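Enquirer: Just passing along the structure, written as structure tokens.
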Amino acid sequence: MDDFLTGLAGRWDVSLGKQRLIDAPGDKNVWHFTGSVSGSGEKQLSIAGVPTQQGDIIGFSCLVDADRPKAGAFLKDCVKTGIPNWDSERAVAWLSTAKQQVDALYSKEHRPIVSAMFVSEKAHALLRRSGPTSDSTGTYELSVTGGGVAENS
């Protein structure tokens, strides 16, 4: 597990599971790990990742219910990844704009909405908001992929 994701999990009381090999499309197997906040009545908050066999993170996602207290702060913390050459300041600004745009469309259309892509060097991020019903506040998923190994900055 890399330092950034371990630190992120610690700050948000997420217990990350061990890496395990799972089935993937095309009769392939990939390494994967996930962890979430546990407890009765808690709104969803989780972290998942895809490492190489050597443990280097090639992608991760942060998932949080839109109505969870501090959902925005959690996403902001996630987008501050330590990927080499990742522009955290620009990523935070992008997240603020992307979240406003995604929220506006989701409130209007009540269907899954995906933001414009943020690109920094060889890595990129997307913000998705989805939910099962028109009265649901939905869930945010921030996905970050590429760029090499994330490190704690």
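Enquirer: Which number in (1) assigned to a loop (DSSP other than H, G, I, E, B); (2) within 23 Å of GLN19 (Cα to Cα); (3) not aromatic (Phe, Trp, Tyr) marks the one condition that ASP67 misses?
Expert: That leaves (2) as the condition not met.
Enquirer: Output the residues belonging to the range 1-27 that are modelled with pLDDT of 85 or more and either open to solvent by 60 Å² or more (accessible area, probe 1.4 Å) or touching a His at 6+ places or on another chain (Cβ under 6 Å) (or both).
Expert: Result: THR6, ARG11, ASP13, SER15.
Enquirer: Can you report the number of residues in the range 126-139 which are at pLDDT below 95 and either under 16 Å from ASP77 (Cα atoms) or surrounded by fewer than 20 Cβ atoms within 10 Å (Cβ to Cβ) (or both)?
Expert: The total comes to 8.
Enquirer: When you scan the range 100-116, do you find a residue that is farther than 20 Å from SER136 by Cβ, touching a residue at least 40 places away in the same chain (Cβ under 8 Å) and in contact with a helix residue (DSSP H, G or I) (Cβ under 7 Å, 6 or more places away or on another chain), even just one?
Expert: No: zero hits.
Enquirer: Kindly list the number of the only condition in (1) out of contact with any Phe, Trp or Tyr (no Cβ under 8 Å at 6 or more places or on another chain); (2) open to solvent by 20 Å² or more (accessible area, probe 1.4 Å); (3) closer than 24 Å to ARG129 by Cβ; (4) among the aliphatic types (A, V, I, L, M) that fails for VAL30.
Expert: Against the list (1) out of contact with any Phe, Trp or Tyr (no Cβ under 8 Å at 6 or more places or on another chain); (2) open to solvent by 20 Å² or more (accessible area, probe 1.4 Å); (3) closer than 24 Å to ARG129 by Cβ; (4) among the aliphatic types (A, V, I, L, M), VAL30 comes up short only on (3).
Enquirer: Sort out which residues of the range 87-131 are among the polar types (S, T, N, Q) and in a helix (DSSP H, G or I), and write them in order of number.
Expert: SER88, SER96, THR97, GLN100, GLN101, SER107
Enquirer: Residue under question is ALA71, and the condition is that it be open to solvent by less than 70 Å² (accessible area, probe 1.4 Å), more than 19 Å from GLN44 (Cβ to Cβ), in contact (Cβ under 8 Å) with a residue 40 or more places away in the chain and within 17 Å of the chain's Cα centre (by Cα); does it hold?
Expert: Taking the combined requirement at face value, the residue does not satisfy it.
Enquirer: Can you confirm whether HIS110 is at positive phi and either modelled with pLDDT of 95 or more or open to solvent by 40 Å² or more (accessible area, probe 1.4 Å) (or both)?
Expert: Yes; evaluated as a whole, the condition is true for this residue.
The values are calculated or read from the model by the stated rules, or taken from the named source; none is laboratory data. Quick caveat: nothing in here was measured; it's all calculated off a predicted structure. When we count neighbours, we look across all protein chains shown, and the Cβ atoms used for this are built from the backbone with ideal geometry, even at glycine. Heavy atoms of the whole protein, side chains included, go into the accessibility calculation; ligands, DNA and RNA do not. Shrake-Rupley method; radii C 1.70, N 1.55, O 1.52, S 1.80 Å.
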